[in-house]
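Trainee: My questions all concern the structure below.
Just so it is clear, none of the values below were taken in a lab; they were calculated from the coordinates. Since we're looking at a predicted model, the values are computed, not measured. No Cβ is skipped: glycine too gets one built from the backbone with ideal geometry, and neighbour counts run over all protein chains shown.
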Amino acid sequence: MEELTIPIKTLFHARKTAFIPYQQIKKITVKLDLFATNPNSVNAPRGGYAPGRAQYMHEGFHLIITTKQDQEIYLDLRQYYWPRSSERQMLSTILMFLQRKNIEFVDEQNISELVKDRSISLTRTLYELRDNQGVIGSKI
């Protein structure tokens, strides 16, 4: 249910700040929710979804913190999509820092390695890996 309310809370600036000590963190997961259909392979009509243009709808991108009480806290990382954002500049460093902690770190999409190269399109690369199971190299 939390995944559905996050965009609404963000829209109305109703997010809360919380402090979670490292000792209370059981697991950290980084996850990008790809759409069922790769938007880069769709021929959209004029005015439709065009991956190269400014977009209002982006794939969900979260850092999910699971506490020892099994509470899940979703941190929205969609600001990463903007090339000059702080999230884009610092995400690789933050993920490397979290991996060094004595906390389970889940990264099934290998995002922590992919974000080291800030010149690639993370979403395009993940779609290519999912759909083609092989050749990558799209740069924006």
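Trainee: With respect to the cross-link table entries 27/116; 68/116; 27/68, which display a Cα-Cα separation exceeding 19 Å?
Mentor: Numbers: 27/116 22 Å; 68/116 30 Å; 27/68 8 Å.
As for pairs spanning more than 19 Å Cα to Cα, those are 27/116; 68/116.
Trainee: Using modelled amide H (1.01 Å from N, peptide plane; none on Pro or chain starts), what sits under 5 Å from the amide H of residue 60, excluding residues fewer than 5 places away?
Mentor: 33
Trainee: Further, regarding this structure: Return the long-range amide H neighbours of residue 27 (sequence gap of 5 or more, or a different chain), with a cut-off of under 5 Å between placed amide H atoms.
Mentor: Answer set, sorted by chain and number: 66.
Trainee: Using a cut-off of 12 Å between alpha-carbon atoms, which aspartates and glutamates can reach residue 26, once sequence neighbours fewer than 8 places away in the same chain are excluded?
Mentor: The qualifying aspartates and glutamates are 70, 72, 104.
Trainee: Label points 7 Å out from Cα along the Cβ direction at residue 81 and residue 23: separation in nm?
Mentor: 4.0
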